[in-house]
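The values are calculated or read from the model by the stated rules, or taken from the named source; none is laboratory data. Since we're looking at a predicted model, the values are computed, not measured. Using ideal geometry, Cβ is built from the backbone for each residue, glycine included, and neighbour counts are taken over all protein chains shown. The protein model used for the area step is the full one, side chains on, heavy atoms only, and it has no ligands, DNA or RNA in it. Shrake-Rupley method; radii C 1.70, N 1.55, O 1.52, S 1.80 Å.
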Amino acid sequence: MKAIMFAGQGSQYKGMGKDLFKIYPMETKQASDILGYDLEELCVNDPQKLLGKTQFTQPALYVVNAFSYYKQQNQYNKPDYLIGHSLGEYNALLVAGAFDFATGLKLVQKRGSLMAAASGGGMAAVIGLDVDTLSQKLADNGFTGIDIANFNTPSQTVIAGQEEMINKVVKNFDNQGIKIIPLFVSAPFHSRYMKPAAEKFSSFLNEFNFSPLQIPVISNVTARPYSDDQIAALLSNQIESSVQWTDTVRLLMTKGVTDYEEIGGVILTKMVNEIKQKCSPIIIEEEKSVLAEEINIKHTIKSNDLSTRLGSKTFRDDYGIKYAYVSGAMYRGISSKELVVRMAKAKLLGFLGTGGMSLEKVEEDINYIQEKLRNEEAYGMNLLHNPMDMKAEMKFVELYIKKGIRKVEAAAFMQITPALVYYHLKGLRKNVDGSIMSDHKIIAKISRPEVAEAFMRPAPERIVNKLLDEGLVTIEQAELAKRIPISYDICVEADSAGHTDSGVAMVLLPSIQQLRMQIKNEYNYNKSINVGLAGGIGTPQAVACAFMMGADFVLTGSINQCTVDAGTSDLVKDLLQDINVQDTDYAPAGDMFELGAKIQVLKKGVLFPARANKLYTLYNQYNSLEEIPPKIVEGLEKNYFKKSIDTIWEETKNHLRNKGEISTIAEAEKNSKVKMALIFRRYFGYSTRLAFDGNESDKVNFQIHTGPSLGAFNQWVKGTSLENWRNRYADQIGIKMMDEAAFLIHEMLLKVSN
């Protein structure tokens with residue numbers, strides 16, 4: 001089997017096409033008329049030194065590639081496949097019949113001008129490093145603004161980014177003896193920084209219709225064959241996506257291609273030879289849709305951007321975001337300040353994971369976020385219910401009010417608390433027209449109908465009156481609170497990480513939606529309550545299902561903790577990157593140990609869930625540590641705590657003294673059951689610290705909150721650049737998930753209509 005391939009930008013040279021323009025005078029004139037300049041003069045003589053400029057290079061190469069093929073096509077039998085590197089893909093599509101010569105030139109001319117208009121960036125070729133090693137070195141040195149633009153061969157990769165950052169990478173790699181060659185380009189092509197150009201090109205492509213392909217063309221974006229309805233979407237996405245050249249050739253190896261014919265050069269031939277020598281064919285399941293295998297497609301459905309219209313418009317408008325997509329808070333800053341900023345700048349909503357963090361650290365992170373976000377971007381803070389310390393809950397609310405935090409994610413609440421009501425009321429005011437304005441927005445994460453109902457109803461009168469008596473709220477705020485719910489935004493949390501009631505989305509979501517209707521009819525609110533869905537959302541299919549079920553927004557968690565900006569150790573991310581859907585388990589929650597609350601955690605590669613469950617069994621089985629058989633206690637000291645029980649108790653008392661909880665110590669000294677619970681709870685804190693620190697020597701005790709959605713995500717991105725967590729960013733994942741879900745919904749509706 002045979003493939004014909006076309007090179008892209010970088011293969012141009014003065015004098016190219018010299019003998020071809022005379023063979024195709026009509027096409028040469030047509031090209032010059034379309035472009036508005038003498039193309040032959042540019043290619044052959046380049047008197048004004050313009051051939052190396054992107055807006056001139058791309059049309060010139062397209063024409064010369066086309067003429068080269070036309071001249072040689074009589075020598076070929078019909079090829080089995082067509083491929084092109086970046087710009088060369090347009091010639092592959094031309095030969096395949098997607099468009100005629102003139103149309104292709106118009107597309108390339110626009111593409112070249114848009115890409116030339118981008119500036120402030122650079123590119124560099126890295127020689128001799130495999131992709132995983134390169135990604136690790138970029139991550140280790142903090143070069144998070146660098147994208148991999150071209151996966152050319154196993155030993156040749158092109159990176160792209162802002163010019164200053166590229167220069168730093170070049171200097172850093174030079175010092176390490178790594179071969180890196182800066183490229184003479186004006187912008188970081190095939191990277192996130194080309195998104196504006198890609199969006200403009202997408203609008204331009206809406207003016208064209210494309211013909212069915214007569215020969216399969218492998219896409220740079222997906223390393224899979226185009227389908228006829230993907231041409232516009234893939235061409236616009238190609239500008240900002242990595243060129244998957246290595247996987248393109250690996251796919252053709254799988255298909256049985258042995259003959260590779262390059263038009264007009266040898267650059268690609270050399271790459272192909274290296275790939276064939278060093279790589280194995282891609283193993284694929286033919287029956288799978290291309291769309292389900294590769295997440296790098298940004299589907300454009302003509303002029304309708306469906307991904308930005310999914311969910312509730314009211315929700316998007318209230319929170320000032322482009323997509324009805326939220327990254328939820330994760331304990332102890334796993335959903336970090338950096339992650340929150342990235343989400344906000346992408347017009348998505350992210351919440352800082354404040355649970356388990358000190359007030360001082362939270363305030364420090366708020367300052368960082370507010371310094372980075374100065375244009376009314378959307379962001380919020382987590383408010384985690386603390387039934388064991390209600391005063392601490394109130395202190396967090398006081399901090400949020402002081403710092404002007406207008407969005408809060410309320411999590412793990414079993415009842416409405418004074419702190420919640422205080423935050424809610426302090427944001428209430430009356431508009432000029434008499435309507436109620438709520439400046440403080442609460443997304444209530446719930447997994448039980450009775451808790452959802454409490455959030456959907458107005459604040460409890462007894463709590464409002466108490467706050468009023470204490471002078472914390474005004475009479476007007478107390479009156480306004482009677483007319484609106486505590487939260488207009490309820491997030492149904494199904495099979496999630498961390499605290500969970502193991503809810504099933506298809507059961508729980510409809511129940512809460514029905515409850516919403518009842519509450520709305522009872523109170524006749526002048527605004528709808530939004531009901532979103534969280535838990536188990538790790539693929540576009542899950543996102544699509546949520547919106548098809550009527551969810552007003554979606555919230556993700558687990559998939560975001562295995563990203564570059566997530567605030568946990570690299571070792572944890574390495575473990576999470578490889579899990580599948582069956583690799584989680586349930587364990588007692590350390591913060592609610594005595595209550596028997598459950599969390600969902602990683603099971604694969606660690607012993608934490610088994611050990612945590614054993615502690616809870618011992619707690620229920622015995623009334624004191626003294627009742628537990630000595631051999632079992634010895635095992636706890638050796639394998640769990642790495643210290644004696646007496647030492648653990650002394651550390652626990654010191655910790656409680658520092659928190660001012662002297663009464664808790666006194667109670668424990670009197671009540672052996674309380675003392676046992678406090679000591680056992682130390683294991684949960686210890687196991688969490690081990691994971692955050694990435695302590696490899698005691699990896700088996702890592703406590704890592706995660707749900708099966710991450711396993712589903714890992715399977716979805718397998719074989720793509722996102723298989724490695726070092727290429728994952730929460731904002732990019734969110735947009736890709738929404739775009740892909742929009743396409744799936746669009747396709748499903750088309751099937752239904754047919």
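Any idea what the dipole of the chain comes to, in debye rounded to 20, about its Cα centre with Lys/Arg Cβ at +1 and Asp/Glu Cβ at -1? Kindly include the intermediate steps, with their values, before the conclusion.
Numbers: 85 positive and 88 negative charges, 110 e Å.
Rounded to the nearest 20 debye, it is 520 debye.
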Inset, instruction - Would you list, by chain and number, the lysines whose Cα falls below 18 Å from the Cα of K278, excluding same-chain residues fewer than 8 positions away? - result: K255, K270
Legend entry - Under 13 Å from K604, Cα to Cα: aspartates and glutamates that are on another chain or at least 8 residues apart: D574, D578, D583, D585
Legend entry - Environment charge of F553, counting only residues whose C-beta is closer than 15 Å and scoring Lys/Arg +1, Asp/Glu -1: +3
Inset, instruction - Pull up all non-local amide H partners of L607: gap of 5 or more, or a different chain, and H-to-H distance under 5 Å with H placed in the peptide plane. - result: N701, F702
Inset, instruction - Rounded to the nearest Å, what's the spacing between the alpha carbon centres of region 543-577 and region 89-164? Just the number, please. - result: 27 Å
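Kindly report the accessible area of the chain per residue (heavy atoms of protein chains, probe 1.4 Å, no ligands, DNA or RNA), in Å². Show your work: numbers first, answer last.
On the way: 31350 Å² over 754 residues.
That works out to 42 Å² per residue.
Give me the net charge for the shell around N141: Cβ to Cβ below 11 angstrom, other residues only, Lys and Arg +1, Asp and Glu -1. Provide the component values of the computation, followed by the final result.
Values: positive: K137, K168, K171; negative: D140.
It works out to a net charge of +2.
Taking 20 Å as the cut-off for C-alpha to C-alpha distance, list the pairs among K430/K482; K168/K718; K361/K699 that go past it. Write out the running numbers ahead of the final one.
On the way: K430/K482 13 Å; K168/K718 31 Å; K361/K699 26 Å.
Going by Cα-Cα distance, K168/K718; K361/K699 fall outside the 20 Å limit.
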Inset, instruction - Do me a favour and compute the ellipsoid semi-axes for region 634-749 from its Cα gyration tensor, root of five times each eigenvalue, largest one first, whole Å. - result: 45, 18, 12
Legend entry - Histogram of C-alpha separations across region 651-713, 10 Å bin width, %: 20, 34, 28, 14, 4
Legend entry - Accessible surface of region 201-268 [probe 1.4 Å, protein heavy atoms]: carbon and sulfur percent: 46 percent
Inset, instruction - Return the sequence-ordered ³J(HN,Hα) values of region 33-42 in whole Hz as given by the Karplus equation 6.51 cos²θ - 1.76 cosθ + 1.60 applied to θ = phi - 60°, using x for Gly and Pro. - result: 5, 5, 7, x, 8, 6, 5, 4, 4, 4
Inset, instruction - Go through region 531-540 residue by residue and turn each phi into a ³J(HN,Hα) via Karplus (6.51, -1.76, 1.60, θ = phi - 60°); whole Hz please, and just put x for glycine and proline. - result: 10, x, 9, 9, x, x, 9, x, 9, x
Inset, instruction - Quick one: which residues, 5+ away or cross-chain, put their amide H under 5 Å from the amide H of K430? H built at 1.01 Å from N. - result: M437
Legend entry - Under-5 Å amide H pairs with K407, H placed in peptide plane, nonlocal only: M381, K441
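Starting from the alpha-carbon convex hull of the chain, give the projected area averaged over all orientations, in nm².
On the way: hull surface 149.8 nm².
Quarter of the Cα hull surface area: 37.4 nm².
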Inset, instruction - Considering the options N580, Q518, V543, tell which one lies farthest towards the positive end of the dipole of region 511-594, charges being +1 on Lys and Arg and -1 on Asp and Glu at the Cβ, about the Cα centre. - result: Q518
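Structure shown: which of K598/K653; K643/K675; K391/K659 lie over 19 Å apart, alpha-carbon to alpha-carbon? Present the calculation step by step, with values, prior to reporting the outcome.
Details: K598/K653 26 Å; K643/K675 17 Å; K391/K659 12 Å.
Table pairs above 19 Å Cα-Cα are K598/K653.
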Legend entry - Net charge of Cβ neighbours under 10 Å - reference C491; Lys, Arg +1; Asp, Glu -1: -3
Inset, instruction - Below 16 Å Cα-Cα, how many Lys pairs turn up in region 1-110? Only count pairs eight or more apart in sequence, or on different chains, if you could. - result: 8
Legend entry - Proximal aspartates and glutamates to K638, defined as alpha-carbon separation beneath 19 angstrom and excluding residues fewer than eight positions away on the same chain: E626, E627, D646, E650, E651, E696, D698
Legend entry - In order through region 249-266: 3J(HN,Hα) via Karplus (6.51 cos²θ - 1.76 cosθ + 1.60), integer Hz, x for Gly, Pro: 5, 4, 5, 5, 4, 4, 6, x, 6, 10, 10, 10, 10, 8, 8, x, x, 10
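Do any trypsin sites (Lys or Arg not before Pro) in region 325-408 lie in a loop, going by DSSP, with at most 12 other beta-carbon atoms within 10 Å of their beta carbon, and if so which?
Values: sites: R332, K337, R342, K345, K347, K361, K372, R374, K391, K395, K402, K403, R406, K407; in loops: K347, R374, K403, R406.
Hits after loop and neighbour filter: R374.
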